[in-house]
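Working notes, structure below.
The values are calculated or read from the model by the stated rules, or taken from the named source; none is laboratory data. Everything numeric in this text was worked out from a predicted model, so none of it was measured. With ideal geometry, Cβ positions are generated from the backbone for all residues, glycine too; neighbour counts draw on all protein chains shown. Ligands, DNA and RNA are stripped out before the accessible areas are found, and what is left, the full protein with its side chains, is counted by its heavy atoms. Shrake-Rupley method; radii C 1.70, N 1.55, O 1.52, S 1.80 Å.
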2 protein chains.
Amino acid sequence: MKLLQERIVRDGNVKSGNVLKVDNFLNHQMDIELFNEIGKEFKRIFSDLKITKILTIEASGIGIACITAQYFKVPVVFAKKAQSINIDGEVYSTKIESFTHKKTYDVIVSKKFISPEDKVLIIDDFLANGCALAGLIDLVRSASASVEGIGIVIEKGFQNGGEMIRSMGVRLESLAIIESMNAENGSIIFRDE
Amino acid sequence: MKLLQERIVRDGNVKSGNVLKVDNFLNHQMDIELFNEIGKEFKRIFSDLKITKILTIEASGIGIACITAQYFKVPVVFAKKAQSINIDGEVYSTKIESFTHKKTYDVIVSKKFISPEDKVLIIDDFLANGCALAGLIDLVRSASASVEGIGIVIEKGFQNGGEMIRSMGVRLESLAIIESMNAENGSIIFRDE
């Protein structure tokens with residue numbers, strides 16, 4: 001997605017340790033106009049799918065998922081990190097390791113909100129090692145529902161998450177795939193579309 | 001907001017301990033069509049204000065804030081719970097006590113995303129004791145920016161947060177204010193608009 005690549009180059013900030021900061025438009029401050037273009041693009045890419053629900057994970061996936069849901073006209077469910085006393089007993093749960101925060105989360109979704117007949121589109125902002133995505137796939141499959149597709153805004157192509165998820169036979173589309181980036185000169189190279 | 005009150009009565013679930021579960025349309029599964037009606041209503045109520053930015057707090061405020069931002073044509077910033085290594089050193093921070101999770105969070109927002117000239121609309125899904133809102137107001141004021149208004153989806157009118165925030169001289173508008181609710185028979189009484 002050209003517009004997104006240009007925005008990453010313009011406003012993204014490459015830090016050491018393979019960190020790409022896009023917090024001024026994607027995951028702390030959120031550019032809702034851009035989100036709408038992203039939502040339209042997901043709808044275009046997945047126009048052949050019959051989706052009944054969009055699933056994401058808190059927190060930074062929620063904005064993208066909600067704006068995207070307008071184009072699919074379906075509800076959004078977000079998986080929650082850790083148990084809350086506001087959640088009923090009956091949940092699907094999985095464990096997700098976060099390298100960013102250096103810990104393992106229990107991630108849950110209420111059984112009420114994913115049914116066997118659901119055709120789920122998973123939406124998230126980032127794909128790196130794929131742990132979060134694998135967890136979300138696990139939650140959907142625990143409900144005997146189907147993962148019809150996965151839409152990612154930015155994939156770090158130099159980490160193994162994309163390969164791992166695609167090898168599971170799941171249709172995964174990333175709007176921008178970063179082939180390599182360099183913290184010293186700030187350069188970002190995208191994989192050819 | 002009539003549509004919202006009807007939805008709370010239809011799909012809300014009153015639990016003991018003053019818990020109102022609205023997780024099937026507001027804060028776990030999210031009804032994006034309803035969110036659009038909520039966003040339009042916030043725009044109608046605050047149509048006299050010049051807003052430059054919407055501020056919310058992760059996680060359940062994000063969806064409402066993003067959909068609402070479409071009507072104000074401004075970016076959304078969400079305050080984050082706890083320090084992340086992906087956040088630069090320069091942040092405003094405050095402490096928020098969560099009764100739901102029975103702990104105190106550090107809540108931060110990058111200094112890059114709130115400037116003294118910002119006119120901020122704070123959006124959140126719930127107002128009960130007001131701790132989260134007071135923290136968000138504190139963050140905005142730390143940046144010498146102004147809180148032009150606060151839009152809440154559901155206010156628990158029988159808790160003291162609304163009174164506390166209004167006594168600070170901040171313009172606070174809640175789309176549904178619950179006067180009382182009863183876990184035994186499930187009844188919900190709204191404050192007259």
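Using r as the Cβ-Cβ distance of A:Ser144 and B:Arg10, and R0 as 35 Å, what FRET efficiency do you calculate, to the nearest 0.05? Display every interim value, and only then the final one.
Details: r = 28 Å, r/R0 = 0.79.
Efficiency at R0 = 35 Å is approximately 0.80.
How big is the A/B interface in buried accessible area, both sides summed, 1.4 Å probe, to the nearest 100 Å²?
3300 Å²
Which log10 I(q)/I(0) values does the stretch B:106-193 give at q = 0.13, 0.25 Å⁻¹ under the Debye formula, counting every alpha carbon as one identical point scatterer?
Values, matching the q order: -0.46, -1.24.
So, in nm, how far is label B:Phe158 from label B:Ser115 when the simple model puts each one 7 Å beyond its Cα toward the Cβ?
4.6 nm
Report, to the nearest 10°, how far helix A:131-142 tilts away from the longest principal axis of the Cα atoms in chain A, using its own Cα long axis and a range of 0 to 90°.
Value to nearest ten degrees: 20.
When the Kirkwood radius is taken over all Cα pairs of the protein assembly as shown, what Stokes-Einstein diffusion coefficient follows at 20 °C and 1.002 mPa s, in µm²/s? Could the numbers behind the result be given before it?
Values: Rh = 21.2 Å.
It diffuses with D of about 101 µm²/s by this estimate.
Short version: ³J(HN,Hα) in whole Hz for each residue of the stretch B:42-55, in order, from phi by Karplus 6.51 cos²θ - 1.76 cosθ + 1.60 (θ = phi - 60°), x for Gly and Pro, what are they?
Each residue of the stretch B:42-55 in turn: 4, 5, 5, 5, 9, 5, 7, 8, 9, 9, 10, 7, 9, 10 Hz.
Spelling out what I want: for every residue of the stretch B:29-40, take phi, set θ = phi - 60°, compute 6.51 cos²θ - 1.76 cosθ + 1.60 (Karplus), and round to whole Hz; glycine and proline get x.
Working through the residues one at a time gives 8, 10, 8, 6, 5, 4, 4, 5, 5, 5, x, 4 Hz.
If contacts are Cα pairs under 8 angstrom and at least 6 residues apart, what is the relative contact order of the stretch A:98-193 in percent?
Result for the stretch A:98-193 is 24 percent.
Within the stretch A:62-184, how many Lys pairs that are eight or more residues apart, or on different chains, come under 22 Å at the alpha-carbon?
The number of close lysine pairs in the stretch A:62-184 is 21.
I need the shape label for the stretch B:21-124. Rule: rounded when a/c is under 1.5, else prolate if a/b > b/c, else oblate, with a, b, c from the alpha carbon gyration tensor. All intermediate terms of the calculation are to be shown ahead of the outcome.
On the way: a/c = 2.22, a/b = 1.18, b/c = 1.88.
Oblate shape, in that a/c is at least 1.5 and b/c is the bigger or equal ratio.
What average number of partner chain Cβ atoms lie no more than 10 Å from the Cβ of the residues making up A:58-70?
Details: counts 5, 9, 6, 2, 11, 9, 2, 5, 10, 6, 1, 7, 6.
What the average comes to for A:58-70 is 6.
Could you tell me the distance between the Cα centroids of the stretch A:117-193 and the stretch A:6-85, to the nearest Å?
Rounded to whole Å, the Cα centres lie 12 Å apart.
For the protein assembly as shown, with the dipole built from +1 on Lys and Arg beta-carbon atoms and -1 on Asp and Glu ones, taken about the Cα centre, which of A:Pro75, A:Gln159, A:Thr52 lies farthest toward the positive end?
A:Gln159
For chain B, what is the calculated [θ] at 222 nm in deg cm²/dmol (nearest 500), taking -39500 (n - 2.57) for each run of four or more DSSP H residues and dividing by its residue count?
On the way: 5 runs with 54 residues, N = 193.
Value at 222 nm, helices only: -8500 deg cm²/dmol.
Over all distinct alpha-carbon pairs, what is the Kirkwood Rh of chain B in angstrom? Don't skip to the end; give the middle numbers.
On the way: mean 1/r = 0.0591 Å⁻¹.
This gives a value of 16.9 Å.
Accessible area per residue for the stretch B:1-48 in Å², computed with a 1.4 Å probe and the full protein assembly in place, what is it? Could the numbers behind the result be given before it?
Numbers: 2170 Å² over 48 residues.
Value returned for the stretch B:1-48: 45 Å² of accessible area per residue.
Among B:Lys156, B:Lys119, B:Lys50, which one shows the highest mean-square fluctuation when chain B is modelled as a Gaussian network with alpha-carbon springs under 10 Å?
The residue with the greatest mean-square fluctuation here is B:Lys50.
How much length is gained if the chain between A:Glu173 and A:Asn18 is pulled fully straight, taking 0.36 nm per residue apart and subtracting their Cα-Cα distance, in nm to one decimal? Don't jump to the answer; show the numbers that get you there.
Numbers: separation 155, 0.36 × 155 = 55.80 nm, distance 2.13 nm.
Length gained, A:Glu173 through A:Asn18: 53.7 nm.
Taking the Cα-to-Cβ direction at A:Ser180 and at A:Lys50 and moving 7 Å from each Cα, how far apart do the two end points lie in nm?
Label at A:Ser180, label at A:Lys50, 4.6 nm between them.
Using a Gaussian network model of chain B with C-alpha springs under 10 Å, which one of B:Leu121, B:Leu20, B:Leu136 is most mobile by mean-square fluctuation?
Of B:Leu121, B:Leu20, B:Leu136, the most mobile in the Gaussian network model is B:Leu20.
Give a residue-ordered list of calculated ³J(HN,Hα) values for the stretch A:174-181 (Karplus: 6.51 cos²θ - 1.76 cosθ + 1.60, θ = phi - 60°; whole Hz; x for Gly, Pro).
10, 6, 9, 10, 8, 6, 7, 8
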